[in-house]
Structures are given as structure tokens and as C-alpha cells.
Amino acid sequence: MAIIKKSSSSNKKPTSKTTIKRITDSKGNKKTVVISRNQKITKDVKQNNISNNTDTNVIAKKKKSTARKVFSGILTFFMFLGIIIMLAIIGFCAYIVLTAPEFDTDKLYNQEASIFYYQDNDGEWVEFARVGLEQRDPKTYDELPQVLIDALVATEDSRFFQHNGFDVVRFVKASLGQATGQEGAGGASTLTMQLAKNVFSKDENGYVASSGWDGIVRKFHDIYISIFLLEKNYTKEEILEFYVNYGFLGQNTYGVEQASQKYFGKSVCDLTLTEAALIVGVFNSPSVYNPFYSTENATERRDTVLNLMVRHGYITEEQAADAKAITVESLIVENKAETLNKYQQFIDVVCNDIEEQYGDGINPYTVSMDVYTTMNPTYQQYFNDLNEGNLGYKWKTYSYNDYKDNIQIGAVILDIEDGSISAVDGGRHQTTERAFSRATQMKRQPGSTAKPIFAYGPYIEYNNGNTGTIFYDTPMTYSNGQKIKNADGSYMGAMTMRQALAKSRNIPAIQAFMAVDKTKISEFVHNLGIDYYQYNSDGSVKDSNLYESYAIGGGIDISPLDMAAAYSAFARGGYYIEPYSYTKIVFKETDEVYEHKYEKVQAMSSETAYMITDMLITATEQGVGGNINVSGTQVASKTGTSTHSMKNVPDSASADNWVITYSPDYCIAFWYGVDVIGPKNYTNAIAAAVQRKIISAILANKVYPKNSKFSKPSGLVSAKYEKETVPAKLPSAYTPSNLISTELFKKGTEPSEVSDRFSQLSNPTGGSAEVSNSQINLSWSGISTPNAINESYLKSYFEANYGNAATTYYNKRISYNKSNVGTLGYQIYLKTEDGEEELGYTSDTYYVYTAPYNGTYTFIVKSAYSIFKANMSTGLTITATVTDGTDKPTTCDEGYTYDESTNSCIVSCSDGYTYDASTNSCVANTTEETTTTEDNTQT
């Protein structure tokens, strides 16, 4: 047992305690030890620490095990994903190979021509043109000048001779540049890929997919064909041959040889540096960069090609500068037209229509097809003759244009029955195929030809207007306060819709526009195929507002074709047909047939269409469309003129001059003017108005068949109405004929109320007579002042119906009444055996009559105006008896008769003689100077 020593001081408490404990050492020997309290605490702490460290290690081991599992899972996922991607790539590659277009090498060399047909009067299809790639003149690689090859490679594919058909570096660089929006990033396609796309990637209709999944697949088809078919089977030189000989280079040229001959009048073998650069530049966008279309565009693109040649080391900066110093105008030859087909303008329209349907670059020049057109060769020849001055019209030149022959025309003839295009005139002096067409592609301000479309048509359709609706040609402004003017600067006052449209007044058209809901007008206009929206360059809508100026054709641009189509709907009873230039296409490679089926869409009611037509027939009768005279045929006409805001151009100049006419069979719309207005380049409005009428009449008299009339729909009625009534009222029985008119009304809207302006006056009442000796004093109660001359009523009437023109027309009515109606009064008559004897007129309500003799007298008092007598009343009857006057003789001696005027007996005269009171004898009815009385006395 351990001995514990006590402290030397028995008063102090021990500072620690001890504990005896048996322990086993590391060798297994058991020992007894004494452990102080402090030692024990330290030991316990250490033991606890050991225990805690052990737990931490266990946790760490568990975490490491979990991380390994997660990493293993991720690795497995990515390995699986990689396998899937590899399989997808293999599958996609297999899909590309299996679905790749047929590698028909014949396509690299030639293509069958496209053929155009028209239908003759016997229904037979007649060929009139052949176009297409068969016109190419291919050149071998050795015949191509090195400068052309260098320019082409530098511009289109700088690594052409290094890659195998697919340039990975170019592809990645272009893709990154395009993805980041880098300007000038360029395309990813090599020359070989471009050839593959142009020749093999078109579908059976010539369409090349460019977007979406189809676009991606097409791109990989191009890569596959380039690497494994073209590059494996042809040398680089042969591929370049195919490329330069196949491509479309504008102005109906295919291949560099034909383009060189067209633009420079020389073979491609003889091209200089600047000419080669220009030709290569055209490849990028033939329609934009060919020098006959725009020398400015061609110059800009040529310089780009030269810069690329410098970048890639083909030429020096000095050589490029020398080449740029040569103007494009000095390089190109005259754009001649001797070889054009005489129906080229119609061919151009057909090609444009086909491209619009199938996509850019797909047309009879690039894809072999048979095209069955709607062309009427007779009418198309009329336009040819007109342009050459051989249709009875000679084109004018003017001093203010330095006598330049600069007047142009854009015209179209549409068939009313089916909406097809019969003929087009894209303009004078056409020198090339696929030229800009003023008939279909040009859009200009339509002037007053817009009025039936934007103003009067919607007003009739939605506001139940009639051809006699009154508008007020008086000073007014647009909603923004800007003044509105008529072309002649004058005002014509109140006028019917028929008058306003026939005389083409601006202000009534604006009033009609303002009266209709704008959403309805928009619907009406769009139903007629007119798109008045303004667009940004990317095709998004810039402005869809419907402005008031559109009612008179200001601020909008429309083509002659669109105007003809809209007006044809009026002729067709309200049905719109989108115009078209062909009825059938047969694609020669696949024998696929496309047939165009037109569709009639109701744009308005037949009643609205007929009323517009009827008013425009009135315009024709007034000479609006010129001296049109087609026997038995009704022709509607409308003209239009637009103004300008150009500096240094006279105010009398016009920017656009239109005439649109139509019959039940055809519509002719044409524009007359200059392409770009400016000093020494404009049309005088007055001179142009004369010339356009002459042209209009010539065309109308030749085109429109005889004996053709429009059919009035059953929903319209022709009704008489009294002029100057608002709303229209029926004339009374006494309305003057010059104030009665007949106009068209939709059934159910015709006037049913009779106007009281000239209605029969009411009778006076309360008639009485007082007799004094032989004097009869008549009196009665007068009638109220009729509304027709009641100034208070008239003032209210005009204020309620005539708007800001109320005062003017109130004063006019007052003036009219003073001159033609007069004041209210009473007409006095005496009833006799022979009828009614007029005694006199009074504005009072009494009248004095002196009786010549005793007896009963019957008077009739009629309400009447002092001037206008037709509508006097039937009359108030007043009877009076005289007893204190002179008796009327009842008998006379033989040879005498009673004379009421003198209340005496006078000599009776035999036939041929007349009683002469001065001599109390009968005088012979003779003109001789010497006469003999009945008693033989000579006088």
C-alpha cells in the first residue's frame, strides 16, 4: 500500500488528490500506479482527443468513397454520351450519303431550254420564246486568263488549290465570325461547294434550301459531294472550268465568255485586270452588281475584288490603284437590244413571278421548264408599237427637258373575267433581258386614282353612301391642321359624290375618308391587294398607320399592276383576283406539273362595285379618260396626278401621271412620267394630262370589245331625289325639274320621305265676306310661313346638315328664294262659268272686290308665293251676295247683245266684224287701209 505523506502545514488543504490504479503496459505486464487528479484529467482529455480523431478519419474515408462513386458515374455518363454522339455522327453521315442528290455529271455541261407558250384564238398553244442555259459558250481552263483565275480564287476561295473541297479553317473562321456578328466574316463554302450547291443541290423545282434543318442537310450534302465526288473525279482546273462556265452573271448571260461579250464586247481571253475583277465581282449577286444595272454597284464590288487580290498577294497596291482609276463606264459597251424577243417584257414578268413563287434564282433561265403564259400577243404588240411610236402616237420631247426623249411608261392590261395578265409595258428603250419592269416592279404615288380605293369605296360599303351623297368642296384642313388643296386651287361648294369623283376634287375625298372607321378602310384596301404599310430594309413593318393623305394618293406607292388588279374588282362586281402571268408550268427534268388556279375573293359588295363603276362611267362621258368611243360599250375612267417637293423644279411639274380605264372585259392601267424627277427631268402637269388622255383613248379604243355593258345588281335601285336635300328626299309633285336628279341607292336606303321645299301650300282658313253696296270685303286667316322660306328654320337646317359650309349655303338659299320663290301671299280668283278668273295677288289677309252688278259671287283664295306659283294651294272658297248694286240686264233689243264688262247692250256683229265701242258700230276684221262698216260707211 502506498504511503501518503501529509503536508508540513496541517492547516493547508491538499492541492490535489491521488488515485491508485492497476494498468497493463504494452508488453502485457500489470502494474500498480498512483495518478494524481490533474494527471487523470490530462489523460482523459488525451483519450477523448484520440477518440475524436478516430471519428474524423472514418468520416473522411466515407467522403472519399462517395467522391469516387460520383466521378465514376460522371465518367460513365460522358463515355455513354460520347458513344451516342459518335453513333449520331455516324448515322448523320450515313444519312447525308444516302440522301445526297444524284451525281449526274451531265448537269455540269448543259441544260435543255425553257419554252414559253401563249394560247391563240383557237385554243392552241403557240411557242413564242426559248430561254435558258443552252446559250452558254464554255471555255477551257487553258483559255481563261490567269488574271481572271487569280481574281476568282482571291475573292471566292483563297485556299482553293490547297483543300480537298472542304476548307476546315475557312469553315471555322466564317462560322465564328458569323456567330459573333463580325462584319465581312465571309462565307464558309468553297468554290467546289458552291458548284455542288448550284448544280446538284436544287430540288426538282430548282429550289435550294437555305435555312432550318433542310438548310443544314443541304450544306452537308454540298460538303459530301465536294470531297467525295467532285474533287475525287475532277481536277482543280476542271472544277474551275465548270464554275466559271455554269454561273449566271446577269443580263441573261451564263458563263464568263458570254458575260464578257455582253459587257465588254470582247472574249474572256482578252480581259484586263480591272475587267476580270469586275466580272468576278458579278458572281456574288448578278442582279445587283452587273454594270448594266448599276455602274455604281459594279464599281464598288470591283474594288473589293481588287483589294482581296492585294491581300492574297496576286497584285500590288499600285496595280490595284491603277485598275481602280479606270471607270466602269469607260469599260462597258452599249447595252444593245437588237436580239431581244419582241415579247421580252412579258417574259421578264413571267420569270419574276416564278422566282417569287419558288425562290430567288429559280426561273426559266436556270431551270428547264415549259411555261404556258396568259399573254395576248395582239395586246402585247400594241405596247410594242406604242413604245416605238407606231400606234398612232408620237412621243413628245420638251424644251424644259432639253428635248431629251426621257418620258417613260408603265402599263398593264388585265382580263376582267379571270384576272390574268394579258399584256405589260415595262417601259420604253428596253435593252436587256430581265430588265426592271415599270408595269409590275415600279411603285409610285397613285394620286387621285386612290380615291375609289381609300375614300369613296369604303364610304359606300360601310356608311351606305349613295352616288348622290353630298360633300362640301370648301376650305378645310387635315386633322393635324395642314391645309388641303384642290389641284386648281379653287372650291366648288356642295356637290354629289358622283360630281366629286368625276371632277376629282380632293376635299370631298378627304371628307369621305374621315367619315369611315379606319379599321374598315384598312380591311377594304387590303382586300383589294393594296399594301400601304411601310417596311424596314429587313422586311419588318416600319409604319402601319393609315394616313388621311392616302385618300388622295399622297404618301403611298403602288405599282400599275396592283392598281389594275384593284380596279378590276370594281369591274368584276366586287371580287378580287390576284393577277398572274402563267397558267401552267411543266418541269422538264421531273415532268412535274404545276397548274395555277385563280381564286375569287369578295372584296366588297356588288352594289359598292357598281356604284363606283357608274360614277366613273360619268367621268368617261366627261372626257376624263380621253376621247374614248367604243360602240355599245361602257367604259369607266379615272386619272391621277402627284405633286412634288423638289427644289429647282417648277411647281407646275408633276411627279406621276396616271390613267386607269376599264370595261366589262379588260382593265388598262398606266403610269406616264420620268423615272427620277429633277431639274431638266420632269413632266409638266398640264402637258402630261393632255398626252396621257391621248394614249388612254388609243389603247381603250383598240382593246375594249364592242357592245359590252355592266350589269346592275338587284340590290341597287335608281331613285329620283330632290337636289340639295340632306339626307336625300323624294321630290314633290311641284319640285322644279332642274332640281330633280336620279342617283343609285342600295335597296332599303333610297329616299322615302318627300321634300317639303316645293310641296303644295296649305289653304288659308276662316274665310269671310262683308258686302257694302257693290263692294265686297274678303278676309281670311293666313297660313304659317312655310319652312322653304322660313329663315329661322333654314338657318337651323343648314347648321345641322352642312357643317362648316352652313353659312355659305344658307345665304345661297336665301338668295335663291328671293329670285325664284318670292314671299308668301295669296292669289285671288273669281269663279265664272268658264272657270277661274284671276283677280290679283296680295300679301295681306284681305282683299276688296267691287261687284259690277247684283248677284252671288264665289271667290277662291289660294296660298301662293309671289314668284313661284306651281305649288299654290287648292284654295279657300268664299261666297258673297250683292243686292244693293246695279242689276244685271237679262235681255237686249234685237240686234244687240249684253256686255258684262260695261254692263250694257252693244251692237251684235256678224262674223268677220268686231264691235267698236268708240263708234258704237261693227268694224270689219281687215288690215286694209280703207274699211267699210256694216252700215256701208267707209273709214
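Where Rh denotes the Kirkwood radius from the mean inverse Cα pair distance, what is Rg over Rh for the range 126-165?
Numbers: Rg = 16.3 Å, Rh = 13.2 Å.
My calculation puts Rg/Rh at 1.24.
Report the semi-axes of the equivalent ellipsoid for the chain in whole Å, largest first, where each axis is √(5λ) for an eigenvalue λ of the Cα gyration tensor.
Working: eigenvalues 1936, 554, 115 Å².
Gyration-tensor ellipsoid for the chain: 98, 53, 24 Å.
Look at the dipole of the range 713-832 built from charges on Cβ: of 828, 805, 789, the Cα furthest out on the positive end belongs to 805. Share of carbon and sulfur in the accessible area of the chain stands at 48%, probe radius 1.4 Å. Can you give the percent of C-alpha pairs in the range 463-594 whose distance is more than 27 Å? The answer is 35 percent, as a whole percent.
Assuming charge only on the beta carbon of Lys and Arg (+1) and of Asp and Glu (-1), the dipole of the range 725-803 about its Cα centre is about 200 debye to the nearest 20. Size descriptors for the range 553-624, from the alpha-carbon set: Rg then Dmax equal 17.1, 56 Å.
Find out how many positive minus negative residues lie around residue 491, taking Lys and Arg as positive, Asp and Glu as negative, among other residues whose Cβ is under 15 Å from that of residue 491. Kindly include the intermediate steps, with their values, before the conclusion.
Working: positive: 483, 485, 503, 505, 812; negative: 473, 488.
My count for the surroundings of residue 491 gives +3.
Ordering 360, 614, 167 by accessible surface, largest first, gives 360, 614, 167; the 1.4 Å probe counts only protein heavy atoms, with every chain in place. Farthest toward the positive end of the dipole of the range 316-384, out of 344, 359, 375, is the Cα of 375, where the dipole comes from beta carbon charges about the Cα centre. Evaluating 6.51 cos²θ - 1.76 cosθ + 1.60 at θ = phi - 60° for every residue in the range 245-257, the Karplus couplings come out as 8, 8, x, 7, 10, x, 6, 6, 10, 10, x, 5, 5 Hz, glycine and proline recorded as x.
By the scheme Lys and Arg +1, Asp and Glu -1, what is the net charge of all other residues having a beta-carbon under 15 Å from that of residue 533? Residues close to residue 533 contribute a combined charge of -3. Here the chain carries DSSP beta bridges of which approximately 95% are antiparallel, counting only pairs with both residues inside. To test your reading of the geometry: what angle, between 0 and 90 degrees and rounded to tens, separates the Cα axis of helix 191-200 from the longest principal axis of the chain? Once rounded, one gets 50 degrees.
Residues of the chain: accessible area per residue at 1.4 Å, in Å²? Provide the component values of the computation, followed by the final result.
Values: 47830 Å² over 939 residues.
I get 51 Å² per residue for the chain.
Rg then Dmax, both in Å and based on the Cα atoms of the range 698-820: 22.9, 86. Largest first, the residues 833, 318 sort by 1.4 Å accessible area into 833, 318.
Working note: Cα gyration tensor of the range 303-373, eigenvalues times five, square-rooted, sorted largest first, giving semi-axes of 39, 19, 9 Å. Taken over the range 581-728, the convex hull of the Cα atoms encloses 226 Å³ per residue.
For the range 336-446, the average shadow cast by the Cα convex hull is 9.1 nm², which is a quarter of the hull's surface. The 3J(HN,Hα) values that the Karplus relation (6.51, -1.76, 1.60; θ = phi - 60°) gives for the range 789-804 are, in residue order, 10, 7, 5, 5, 5, 4, 5, 5, 4, 5, 5, 7, 10, 10, x, 6 Hz. Gly and Pro appear as x.
Which of the peptides 617-623, 394-400 is most tightly packed, and how do the rest follow, judged by the mean count of other Cβ atoms within 10 Å per residue?
Working: 617-623: 17.0, 394-400: 13.0.
In decreasing order of mean packing, 617-623, 394-400 become 617-623, 394-400.
The charge dipole of the chain, taken about its Cα centre with unit charges on the Cβ of Lys, Arg, Asp and Glu (plus for the first two, minus for the last two), comes to roughly 11700 debye. Residues 302, 68 ordered from highest to lowest accessible area at a 1.4 Å probe: 68, 302.
Within a Cβ distance under 14 Å of residue 665, other residues only, what is the Lys/Arg minus Asp/Glu net charge?
Numbers: positive: 572, 702, 706, 709; negative: 415, 417, 418.
Overall, the nearby charge balance is +1.
What value, in deg cm²/dmol to 500, does the helix sum -39500 (n - 2.57) over DSSP H runs of n ≥ 4 give at 222 nm once divided by the residues of the chain? Don't jump to the answer; show the numbers that get you there.
On the way: 23 runs with 300 residues, N = 939.
Computed mean residue ellipticity for the chain: -10000 deg cm²/dmol.
Of the peptides 554-566, 234-246, 534-546, the ranking by mean beta-carbon count within 10 Å, highest at the top, reads 554-566, 234-246, 534-546. Helix 344-358 and the long axis of the chain differ in direction by around 50°, with both axes built from C-alpha atoms.
The values are calculated or read from the model by the stated rules, or taken from the named source; none is laboratory data. Here the structure is a predicted model, which means the values were calculated and not measured. Backbone-built Cβ (ideal geometry, glycine too); neighbour counts: all protein chains shown. For the accessible areas, the whole protein counts, side chains as well, though only heavy atoms, and no ligand, DNA or RNA atoms are used. Shrake-Rupley method; radii C 1.70, N 1.55, O 1.52, S 1.80 Å.
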